[in-house]
1. Given the options A:Leu265, A:Ala161, A:Leu8, identify the residue whose Cα lies farthest towards the positive end of the charge dipole of chain A (+1 on Cβ of Lys, Arg; -1 on Cβ of Asp, Glu).
2. Whole-Hz Karplus ³J(HN,Hα) for the stretch A:207-218, in order, using 6.51 cos²θ - 1.76 cosθ + 1.60 and θ = phi - 60°, x for Gly and Pro?
3. Given the options B:Ala239, B:Ser140, B:Val205, identify the residue whose Cα lies farthest towards the positive end of the charge dipole of the stretch B:125-249 (+1 on Cβ of Lys, Arg; -1 on Cβ of Asp, Glu).
4. Could you tell me what fraction of 2.2 N^0.38 Å the Cα radius of gyration of the stretch A:62-189 comes to, as a two-decimal ratio?
5. Across the residues of A:14-22, average count of Cβ atoms on other protein chains within 10 Å?
6. Pick from A:Ala190, A:Ala63, A:Ala163 the residue whose mean-square fluctuation is largest in a GNM of chain A, springs joining Cα atoms under 10 Å.
7. Note down the magnitude of the dipole of chain A about its Cα centre, charges +1 on Lys and Arg C-beta and -1 on Asp and Glu C-beta and zero elsewhere, to the nearest 20 debye.
8. Once you average over the residues of A:84-94, how many Cβ atoms of partner chains fall within 10 Å of each Cβ?
Amino acid sequence: MLLTLDILTTAAILFIVSIGLLAIFGVLKIINFAHGAWLTVGAYCAVVTAKLGLNPWLALPLAFLVGAVLGGIAEHFIIRPLYRRPLDAILATWGLGIVVGQLVTLGLGRDVQLTPNLYAGTVAFLGVDYSAYRLVALGIALVIGTMFALAIERTRLGLSARAVIMNETLARSLGIDTGRVRLVVFMIGAGLAALAGVLLTPLTSVDPNMGVAWLIGAFMLVMVADASYLALAAACLVFGAAQVLISTFVSPILGSIAIAVLAALVLRISPKGFSRA
Amino acid sequence: MLETAPVARRAVPAPGRRPRLARTAPFVVAGLTALALWIAPLVLDTFAVNVLTRSMIYAVPAVTVDLLWGFAGILTFGQAAFFGVGAYAAAMILNAYGATPLGIAAALATAIAAPALLGLVVGWLSFYHRSTPLYASVISLVVPIVVVQLIYAGGEWTGSSSGLVGFDVLPFEIEGYFRLAALVLVAVTLAAWILVRSDAGRALVALRDNEARCAYLGLNPRRLQILLTAGLAAVAGFAGFLFANASGVVAPENAGFLFGTELVIWVALGGRGTLLGPVLGTIAIDYLAANLSGDLPFLWQLLLGTAFVAIIILLPGGLADLVGRLWRVLPFGRSGPSAPALAAREDGTEPTATDTSILKVQGLAKAYGSLTVLEAIDLEIRAGELVSLVGPNGAGKTTLMRCLSDGTEPFTGSIAVGGTAITGLTPNRIVGLGVGRKFQVASVFESLSVADCLRLARASHDGLNPTGRAATLGLPQAALDVLRMTGLDRRLPEPARLLSHGQKQALELAMVVALEPRLILLDEPTAGLTKAERTTIGRVLKDLTANGRIAAVLVEHDLDFVREISSRIVVLHQGRLVLDGTVEAVVGSELVRTIYSGGAHG
């Protein structure tokens, strides 16, 4: 039972962390290596909220807003000139990540920060005492996933985004302002990443380089999911399960590389990853 | 075998003494640099000697990153892993056996062999038929992460997170290590310099430009990329060996992903694809970092990050590109492009009797999901035939061509070239059977010169010189004819991207003909060409097939052109082969008229 909960909540956290990256990869076809920096920025929003003595949950909207604004600026000045050079965009966003990380360090120090838990304590759930926050995270992941699905399937922006994902040239010639779609999607992606940063604070320590640790896992999951959020959910479940099982029964060190190695192998065998199913 | 053709004299600008000077200059410069670096420890303070030793060792993997990324187009973060494996292999063996001659030899051998083996595995994972550049970068990210975790898991063997320290090292003073690092760096840079300026070095750029074209010239892109990865992994491992000895300590971050990104940053700032840029960039940045990061660590990182982003966006060629542009403004900085002399090569293919079956297609069918594109195609083509494949748009002509030249396309039925079934064979192996394919949109190597494009077309027959540039370029007479008729023989030194649409088509045709194929597949070779160019290409094709050695299949819409040159016409309609006969029989048929006027759709 404990294992099942571990798997489900791990998958939920992975999903929260990678959904913003997925949105950007799907529409812009660009790997946003500044994703880790957005996570960090979000986590520091939680730190700042706590320092101001506000309700820790207020960090969520704040982080989304800050992430979206910073994402908008980054899209305009850095991503836009590199639309046609996707490999260079990886590098430029990585450089942006360094810059953001150093700015955070200069502004708020390099020390590990502690934040109040969003939802402390444990609950007895079907016979086991389990971290209440991890269960809350599971709920939040479902909410984010549902809202993301609704946005994609039911809104005008979602329709435009799907058009751009399928055939950008055609979408542009049909009068869709693809530049604006890219901008908005990038802002949402960065906002979601910052939101994820806040949600990570009860689970991990906050320091200027915290994002990098999550970046590679998120990146590999997105590569396997190939622009489909359903495939991303499936990938999070499968690889999250693998990570938990390997960490529990084999070794935590092998567990930590399970996602990267398994995802690479899956891509080698089936370049489209999970999105085919 | 080679006889110099008359075109040769026109093609060479003026055989001056410049080439010889250009050939010896790198050696002279390398020698002088090595000498200067030998003396340098006498004037530098200990701190500088120490830091520069490390910087020069780091510059070696930076050179390998430049070869992979700047030249071959493979963005890699994985060189750090190979460097780390080399360093750890050296440290672990020296730790266990001490710096005895045997211990040192074993450490050196393992520090080279282990990364090379790992490189083979990584290469096999990264490169396969239809793999994408992004995927190779993904794998190169995963490798250092895995290596670092294995180091953590290594316990006493690897020292886990604290690394290894206090092992025996080579018996050198710090000046000795400085000189050793300098000599190795100069040697590696010189070797890389010679390689990228040789004919074989052009193949790296060709891989970056157009991997598909490489495969359709009979080169195996996959094997080249895997061997390159393994070879450069060995070089990085050797640098790791030096590092372990010179610093006396190895730590997990020497193999880490962050070090991998640092290498890429140094190369990008110095100037990818220039070799000297990355070398100087690495040394300058690492030296500056050592001096500045003590006082203002975060500001330094911030500046570096900002500079990196700015360079990637505004100056993708890096600082070396800026210097290069200034250099070319100077009067002596402009060297005229040179090109090899053309020579005719005797036809290598043994004459096949006319009527030998070259291509045999039986019951070929292909579907995308529920959409049937080709169905029940039976076709036999013999030497000396020039078969035109006609039919309206969407009839399946291009799909058929693709099936004929790429056995990994999923299709049912059988296709045999010269009696060999091609099912499952990659394009380069089918080229090896004697099939040459010209694409609908001219597929050449945009950043290579016309001469280099043709050289690569001959590579599967003649090989490529890895140390220099051959003075002559031997081509079959038919390819020379194409060049002469289209005036390309006078433009040999020019980059292919500057050619007009028609000339690119002609160049691609010449490249395919230079392969000396038995069967040549042409997809709309005359699309978008002028009347004169069209006539030229028609004449070339007729000449090629007239002597009965080869067969040609072309997809064509221009019925007048088809009527003029074909020996046989095959009509494809809605994925089926509906007519197969002589020019007169097909052109006069009622069916063709209805198909083309759209009547047969209902």
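1. The residue sitting farthest along the positive end of the dipole is A:Ala161.
2. For the stretch A:207-218, the Karplus curve yields 8, x, 10, 4, x, 4, 4, 8, 4, 5, x, 4 Hz.
3. Selected residue: B:Val205.
4. Working: Rg = 19.5 Å, N = 128, 2.2 N^0.38 = 13.9 Å.
The reported ratio for this selection is 1.40.
5. Average per residue, whole number: 0.
6. A:Ala163
7. Details: 16 positive and 10 negative charges, 150 e Å.
That gives chain A a dipole magnitude of about 720 debye.
8. 5
Computed from the coordinates by the stated procedures, all read-outs in this text should not be read as laboratory data. What you see is a predicted model, and the numbers here were worked out from it, not measured in a lab. Positions of Cβ are generated from backbone atoms using ideal geometry, with glycine treated the same way; all protein chains shown enter the neighbour counts.
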